1. Restricting the calculation to Cα positions, tell me the Rg (one decimal) and the Dmax (whole number) of chain B in Å.
2. Modelling each spin label as a point 7 Å along the Cα-to-Cβ direction, I'd like the residue B:204/residue B:154 distance in nm, to one decimal.
3. Residue A:229: net charge of surrounding residues, Cβ under 12 Å, Lys/Arg +1, Asp/Glu -1, itself excluded?
4. Where does the stretch B:65-124 land on Rg(C-alpha)/(2.2 N^0.38 Å)?
5. Roughly speaking, what is the centre-to-centre gap between the stretch B:152-202 and the stretch B:1-58 when only Cα atoms are used, to the nearest Å?
6. Taking 41 Å as R0, compute the FRET efficiency from the Cβ-Cβ separation of residue A:85 and residue A:224 and round it to 0.05.
7. What does the buried accessible surface come to for B and A, summed over both chains, with the probe at 1.4 Å? Round to 100 Å².
8. Give, as a single signed number, the net charge of other residues whose beta carbon lies under 12 Å from the beta carbon of residue B:221, with Lys and Arg counted +1 and Asp and Glu -1.
Amino acid sequence: MNVFAKVSLDLLNGFSSSVILFIFTLIFALPLGLLIAFCSMSKFAPLRVVSKTIVWVLRGTPLMLQIFVIFYLPGLLNLFVWPSMNTGWEWFDKTISTRLIAALVAFSINYAAYFSEIFRGGIEGIPKGQMEAGEVLGMTKTQIFFNIILMQVVKRIIPPTSNEIITLVKDTSLANVIGVMELIVTAKNFMNDGLLWPLFYSGAFYLIFVGALTLFFNWAEKKLSYYKV
Amino acid sequence: MAFLEVKDIYKSFGKTEVLKGVSFELEEGQVLSIIGSSGNGKTTLLRCLNYLEFADSGTVTLSGKVVSDGKVLKTLKESQIRENRLHFGLVFQSFNLFPQYTALQNVNLALSLMEKERAKKGLAPLYDKPSMEVAKELLIKVGLEDKMQLYPCQLSGGQCQRVAIARAMALKPSVLCFDEPTSALDPELTGEVLRVIKELKESEGITMIIVTHEMGFAKSVSDQVLFMVDGIVEELGTPEEVFDSPKSDKLKAFLQGLNVKEGR
Ligand SMILES: Nc1ncnc2c1ncn2[C@@H]1O[C@H](COP(=O)(O)OP(=O)(O)OP(=O)(O)O)[C@@H](O)[C@H]1O
Ligand SMILES: [Mg+2]
């Protein structure tokens, strides 16, 4: 096998870890973020205080530190060990490692905190008059949320959310601090063989991925440009 | 007994007493204008009638039936409040149209949800035709036949307010309230909105309560005019009584202030 093909295959393998982290972080963090947002807006003060404190801690400390804590702390305190996969499918068991699962948990919690603030801002930024207009027309709170508020929130949060999501693409590289074999670390390992260019090559993976996401978000923004909020 | 009886409405926000015993009566099909300077509680009164605020005490009676009683308001369930508030409609100063919907969808939305709910509960529909038809007819009535498919951001302020009026009428409120319907409009656009309101009175005979700073309009459209000062009814009478022979000194000063401002 020639060198380029070998590097490409290895990088693709590393990239698959990054993409798995990316996709599953979004799947967990977006709904969790919405839940935290509702807690932060709750009329019940203790719930509000707790969720705002959690958000403060998660946004106030480095993600790298959170990854360390989540990976090592359960074991150090004898609480539990992160599970490993035993499907017998070698690639799968090796890719979805205990390390990747721990990183995924850290990413999901951290990004949920950021998303929750975006959602909260989006919901609270909807003028009160929209809610009131629905109310005087005899609509229920649920009807108002789903028929009036939601679409306006979606439109408002697309730009800040897409920013976060693009940051997440690049943040997945942080998982290598606990030994997840993601893209960057795979590329870096080729330096042991005296190859520098795989590092630049790995940059191209990120660029193309982010480029595709950017096109998607531009399309979504355009789709919703027929109204102003 | 009058069609609408509002009796002794009190409302405070914390320590600020905003409404201090407001009472008036209105016959079916009549128009009441509420005038007075800024911060006197006019908006708060309309919001109380529409349950956007809960009055601390006082009653509202419609055709002999109590629809709002300050004493029990806070104990009502959401469903009861919804039912009661449907007696009233409200047109906001800032329109509050739903930006993601066309003019037609704005008028249709609440009505179609309501008709679905009534059908599910086995109640007779509000109209004997599809809600979309009703919405179209209402938009034609306010002169927006050719703007139905446009979004609020594509309409002028006057057109937006006319959509808001059609939207408020869709649920057949017994009393339609307007909170300074032309205050957010450029002067050249106020005319079309005021004309629509006048037509509604003449052709539909809708009972209306209008808070307004347009004295000429108040004079010509109203059956009664209420002058409010500091949360109380300072003077109440026919337009002729209020505008041409005001009794209270405060009303005289208020009207004089307006004349000076308008350079008359
Ligand atoms: N939600 C609220 N909380 C506290 N104070 C309020 C609230 N709503 C209104 N007020 C106060 O109540 C008073 C009356 O307000 P309101 O809006 O009813 O006056 P208005 O007669 O409609 O005035 P304008 O002509 O400026 O619209 C004001 O002093 C206002 O600050
Ligand atoms: Mg007002």
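The values are calculated or read from the model by the stated rules, or taken from the named source; none is laboratory data. None of the values given here were measured: they were computed from a predicted structure. Don't worry about glycine lacking a Cβ; one is built from the backbone with ideal geometry, like all the others, and counts go over all protein chains shown. All accessible areas refer to the heavy atoms of the entire protein, side chains included, with ligands and DNA or RNA removed. Shrake-Rupley method; radii C 1.70, N 1.55, O 1.52, S 1.80 Å.
1. Cα only, chain B: 18.6, 59 Å (Rg, Dmax).
2. 2.4 nm
3. +3
4. For the stretch B:65-124, the normalised Cα radius of gyration comes out at 1.40.
5. Distance between centres, Cα-based: 21 Å.
6. 0.55
7. That pair hides around 2100 Å² of surface in total.
8. 0
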